[in-house]
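The numbers here are math on the coordinates, done by the rules we state, and not lab data. Everything numeric here is computed off the predicted structure, so don't read it as measured data. Virtual Cβ from ideal backbone geometry, glycine too; neighbours counted across all protein chains shown.
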Amino acid sequence: GLCAEMRACVGRDAPITIDQEGGRVQRLRAPIWTEWMPPLDFVAAAGARAAEAMYLRYRLIAAELNDLGIDSNCAPMVDIAGPQTHDFLRNRCYGTSPETVATLGRAAAEGMLAGGVLPVLKHIPGHGRASLDSHYDLPTVDAPHDALSAHDFAPFKALNDLPMGMTAHLVYSSLDDRPATLSPKVMQVIREEIGFDNLIMTDDISMKALQGSLTDLSRAALEAGCDVILHCNGSLDARREVAEAAGPMSFAAQTRALRALNTRIAPDELDIPAARAQLLTLVHGA
């Protein structure tokens, strides 16, 4: 999706954002672009060299995106897979421990940054415990705050320097009874406890986890502390409704947006055939 509100407020150089993780959410597909294994399968295939493989994977993704003029990708996804993780999310995860997920998330982010593509850290503050698909239902996580802080929040704390992040559409009952995207309390946890003070966009505001008009949802998300409203699926009229509800960026949001843009660099040199060959070696030809 295109973050139209961000582009309108900070100018034509604002990032064009796409979701190109691999697995179910990959937007650019074969035969023109690389068809990627789901991340969890990819990491398993790479084994002990998973961090190196993840860097190359996302450096190659960045090369394909950069060729199209796309300079932001909705990854890394550092939600932690667990026994209850819904199937829609599980194979998009990088691992089952905070340490592994943080390490691989850092490798993915560095690969994108080296290729001139801004990463988007998601789904803050952690979607791994959700047993429902937030595209259709609102998940509720009942874990206590201290357990969330020690486990789910840990990869986001480790990567809180990344330029942009995306919220999770779920309820953390120990924090608030409102979905995280619409919750000032959860946003305070993200900003203060997790320490993420860069630009935060909502997950797609049209997902069925959120109930209400696009106008009300957009305004509630901004009032909670989100900087940008992401709207991926809808008619032109629906997109106009979101843009009108969002209005101009606040000074704080625009400051974060410009700070994100300042982390974008020209891609480094990459021998693509050599990188692909090395990657195939790392994942045993999978």
Rounded D (µm²/s) - region 226-267, Kirkwood Rh over Cα pairs, Stokes-Einstein at 37 °C, 0.692 mPa s: 273
Highest-fluctuation residue, ILE32, ILE229, ILE18 considered, GNM on the chain with Cα pairs under 10 Å: ILE32
Sequence-distant residues sharing a close amide H with ILE16 (under 5 Å, placed H): ASP71, SER72
Orientation-averaged projected area, Cα convex hull of region 115-175 (nm²): 4.8
Region 195-268: C-alpha gyration tensor shape, a/c 1.5 cut-off, then a/b vs b/c: prolate
Where only alpha carbons of region 244-286 are counted, the Rg and the Dmax (Å): 19.6, 50
Computed over the chain, the ratio Rg/Rh where both radii use C-alpha atoms and Rh is Kirkwood: 0.95
Whole-number Å³ per residue for the convex hull built on Cα positions in region 89-146: 108
Cα Rg, Dmax (largest Cα-Cα span) when computed across region 18-168, Å: 14.5, 46
Semi-axes of the equivalent ellipsoid for region 163-286, Cα gyration tensor, largest first, Å: 32, 18, 18
Computed over region 33-81, Kirkwood Rh from alpha-carbon pairs, angstrom: 11.8
Calculated P(r) of region 210-249 - Cα pairs past 11 Å, %: 60
Net charge over other residues, Cβ less than 11 angstrom from the Cβ of ILE194 (K, R count +1; D, E count -1): -2
All-pairs Cα distance distribution in region 123-226, expressed in whole percent, bin size 10 Å: 16, 53, 29, 2
